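Notes for the one structure printed next.
The values are calculated or read from the model by the stated rules, or taken from the named source; none is laboratory data. Because the structure is predicted, anything quoted here is derived from the model rather than measured. Note that we place each Cβ from the backbone using ideal geometry, even for glycine, and neighbour counts take in every protein chain shown.
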């Protein structure tokens, strides 16, 4: 069984993604840490994004313009058999263009295109290899609310050029609030179960994908004459998230998760893996604040 097939199988069974959240977040700042407990590499990420909505018509048709920036740092506790000076810091920047408009029978179309770059910025200028493209197209149907119960169906497809999973993923989601203090979201690639302690306090059990892909502007010579031209980190994890809602739109969140699968590797020009940096990390932590629609 190939590594790609294993990853796809895990996605269909476990995964959750932040695609839906990115479609509704107007601004977000968060910090992620994968400590080096039981592993040799520590991973940290600072991320900030914003989307500015522009109303185009009176029927709730909007254009969204935004930026999504990440600074990623890798720190190793051991010496690898090659020079790692170009493997410490990575910069990711996406320019986001989104569009949403209502359709017939309570359906809504959502489209997002994200050109950008993902690189370690050790050269004097950007190149075409630093460029990444991402995008999402989704059809959303909001069900009717009845006795504080609501449903939502989303059908679509998404692709993230710097997400750590460089292939298109189906985007299928069914959300239901089945009791005043319980809701669930089932689908591909997102699944969670949420409990509402109060309007301000919530706890969510979830599964999620995370990771990144970045170009290496200078080739990193590896053993046996091979050279790495990109780095890829992909994670499949599950855990708990606590949320504190200051208002309906503004919230703080903190996550603690167990890493089910990790793949942290250097790749050749044609994306073949040539060296594994670390695949033993098990703890994943994240906290942040966001403003939603």
Could you figure out which of (1) at pLDDT below 85; (2) more than 25 Å from residue 252 (Cα to Cα); (3) in contact with a strand residue (DSSP E or B) (Cβ under 8 Å, 6 or more places away or on another chain) isn't true of residue 97?
(1)
Tell me whether segment 254-262 contains one or more residues that are under 24 Å from residue 25 (Cα atoms), modelled with pLDDT of 90 or more and either out of contact with any strand residue (DSSP E or B) (no Cβ under 7 Å at 6 or more places or on another chain) or crowded, with 18+ Cβ neighbours inside 10 Å (or both).
yes
Among the candidates 208, 194, single out the residue that is surrounded by 18 or more Cβ atoms within 10 Å (Cβ to Cβ), within 23 Å of residue 259 (Cα to Cα) and at pLDDT 85 or above.
194
Name the residue, out of 79, 130, 89, that is out of contact with any helix residue (DSSP H, G or I) (no Cβ under 7 Å at 6 or more places or on another chain) and crowded, with 17+ Cβ neighbours inside 10 Å.
130
Quickly run through segment 133-151 and pick out the residues that are buried (at least 17 other Cβ atoms within 10 Å of the Cβ) and over 30 Å from residue 72 (Cα atoms).
140
Please count how many residues of segment 163-209 are under 28 Å from residue 91 (Cβ atoms) and part of a loop (DSSP other than H, G, I, E, B).
7
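Conditions (1) touching a strand residue (DSSP E or B) at 6+ places or on another chain (Cβ under 9 Å); (2) surrounded by 16 or more Cβ atoms within 10 Å (Cβ to Cβ); (3) modelled with pLDDT of 95 or more; (4) closer than 27 Å to residue 85 by Cα, marked per residue:
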position	(1), (2), (3), (4)
171	yes, yes, no, no
179	yes, no, no, no
186	yes, no, no, no
233	yes, yes, no, yes
244	yes, no, yes, no
252	yes, no, yes, no
267	yes, yes, no, yes
Exactly one condition in (1) at pLDDT 90 or above; (2) crowded, with 16+ Cβ neighbours inside 10 Å; (3) more than 17 Å from residue 34 (Cα to Cα) is false for residue 201; which is it?
(2)
